[in-house]
C-alpha cells in the first residue's frame, strides 16, 4: 500500500469541509481552528465519519485529543500517524 502524504490527507479534508460547510477551498486555512473553517459540533461529527469512510480510521477510538483538532493541519497530521500504525 502506498503511503499517503500529509498534504494529500489535508487536501481530502479540505474537500470534505467544503462539502460540509459549503465554503470554497480558497476560503479555508489549514493552520486555523476547525471552527474558523466553518466546522461546528455537527460538522465535526460529519468530518469524523468522513475520516472513517476515507481511511478507515476511527479517531474517537484512537483517543483524539484537543491538540489533534486544533487545526485542519493538526488533524491531517494525526490521521497520518494513525495510518502509519
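The values are calculated or read from the model by the stated rules, or taken from the named source; none is laboratory data. Note that the coordinates shown come from a computational prediction; the quantities given were computed from them, not determined experimentally. Neighbour counts run over all protein chains shown; Cβ positions are idealised from the backbone, glycine included.
Can you tell me which residue in region 20-37 is surrounded by the fewest Cβ atoms within 10 Å (Cβ to Cβ), limited to those that are in contact with a helix residue (DSSP H, G or I) (Cβ under 8 Å, 6 or more places away or on another chain) and within 18 Å of residue 49 (Cα to Cα)?
21
Determine whether residue 10 is assigned to a helix (DSSP H, G or I), modelled with pLDDT of 95 or more and either within 18 Å of residue 80 (Cβ to Cβ) or over 11 Å from the mean Cα position of the chain (by Cα) (or both).
Answer is yes for this residue.
Counting only residues that are touching a residue at least 24 places away in the same chain (Cβ under 8 Å) and closer than 18 Å to residue 20 by Cβ, which one in region 57-85 is surrounded by the fewest Cβ atoms within 10 Å (Cβ to Cβ)?
It comes out as 73.
Specify which of the listed residues (57, 51) is out of contact with any strand residue (DSSP E or B) (no Cβ under 8 Å at 6 or more places or on another chain), under 14 Å from residue 83 (Cα atoms) and either at pLDDT below 95 or not in a helix (DSSP H, G or I) (or both).
Being out of contact with any strand residue (DSSP E or B) (no Cβ under 8 Å at 6 or more places or on another chain), under 14 Å from residue 83 (Cα atoms) and either at pLDDT below 95 or not in a helix (DSSP H, G or I) (or both) holds for just one of 57, 51, which is 57.
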